[in-house]
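Inspection log for the structure reproduced underneath, given as structure tokens.
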């Protein structure tokens, strides 16, 4: 979510931060093409107080959020008299609370409506209604305490109770994929505060230069105390988010919209020189994409050959047939086996054939759980 004031959503795709592993594999295979993963961001208009009751863009804004997998909340953490703030002053804690409370209010309304229906089903002795009622009450209790639904920490049984409308086969499949309970509940009830959140602290270029030091360069993904040194807004935001993170695991990254805009006009070599002048290894957008990837529990595996080396995105815990299905559904339906080499072994050996000769290539079946950076070659009917 950003400071956009348009009622229309803007969509953009970003490559993940250039992956040295992908480039290395492509070099070894003399690939004609190199294709990285893509992730889509939806620029949604800024929220105002009362949105849960229809104020501002209200329901349209909330409806747009319901279609996302996670929320990136961009927080202003800089002073600039030429850039107005809707509330007239810079206060990241207030901004976080404004968004969070509106999502919580909307979720509470959703849960209360669902609970009334479920209570009637309990009276009618509908199978699973009692368990769903208990799970809803647990979520409502958390919401009434002013906490996001993701802080409810539902048990597996409670997750299933809130998935009552799904078939047993679908439930088993969902569990086998090891998807988060946050995804379960947000999908079925469209609970906004059940979605994982990444807070993006938008700082000025000058502050970013001042705050960055050698220690931080080795840990670019998430906000550290060293990076916040001297920035009262980032420090305040960090403390506020830490309170949520104790129960929700929310992440914080630091970005500079000013810097990112300047990077767009530079070529690859100039970008690297500019980032080095700022004392960082990658852009803020790169850090944001990495944080998003990790927050959603995604993993990468590779396919490698003379025509193309490509990175594929899957959920952690996916087995080989499911992972093959992201290439083509026929790969999943007709899956036989997967010739698999770890990235490190592939690089050390230099090719799939060499890995096979040295005993590093494994033939994996349908129960194999794909690991990060596996290099895979699927066999299918």
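If each residue's Cβ is checked for other Cβ atoms within 10 Å, how do 95, 273 rank with the fewest at the top?
Listing 95, 273 from fewest to most nearby Cβ atoms yields 273, 95.
Length gain on complete extension for the stretch residue 353 to residue 145, per 0.36 nm per residue less the alpha carbon to alpha carbon distance?
Between residue 353 and residue 145, full extension yields an extra 69.0 nm.
Fewest Cβ neighbours within 10 Å first, please rank 376, 38 accordingly.
Sorted ascending by nearby Cβ count, the order is 38, 376.
Normalised by the number of residues in region 65-145, what is the relative contact order in percent for Cα pairs under 8 Å and 6+ residues apart?
Once divided by the residue count of region 65-145, the mean separation gives 24 percent.
Can you compute the label reach from residue 30? Point 7 Å from Cα along the Cβ direction, backbone N cut-off under 15 Å, restricted to region 274-311.
305-309
Under a plain spin-label model, where a point goes 7 Å from the Cα along Cα-to-Cβ, how far apart in nm are residue 156 and residue 344?
Going from the residue 156 label point to the residue 344 one covers 3.0 nm.
Taking Cα centroids, how far is region 320-348 from region 65-96 in Å?
Spelled out, the Cα-based centre of one part sits 42 Å from the other.
Based on the Cβ-Cβ distance of residue 119 and residue 40, what FRET efficiency does E = 1/(1 + (r/R0)^6) give at R0 = 25 Å, to the nearest 0.05?
Efficiency, from the Cβ-Cβ distance: 0.05.
Calculated FRET efficiency, residue 272 and residue 79, Cβ-Cβ r, R0 25 Å, to nearest 0.05?
Efficiency, from the Cβ-Cβ distance: 0.25.
If you average the sequence gap of Cα pairs under 8 Å that are 6 or more apart and divide by the length of region 299-380, what percent do you get for the contact order?
Dividing the mean separation by the residue count of region 299-380 yields 41 percent.
Every number here is computed from the coordinates shown, using simple stated rules; none is lab data. These numbers were taken from a predicted model, which means no experiment stands behind them. Counting neighbours? That spans all protein chains shown, and the Cβs are built from the backbone with ideal geometry, glycine included.
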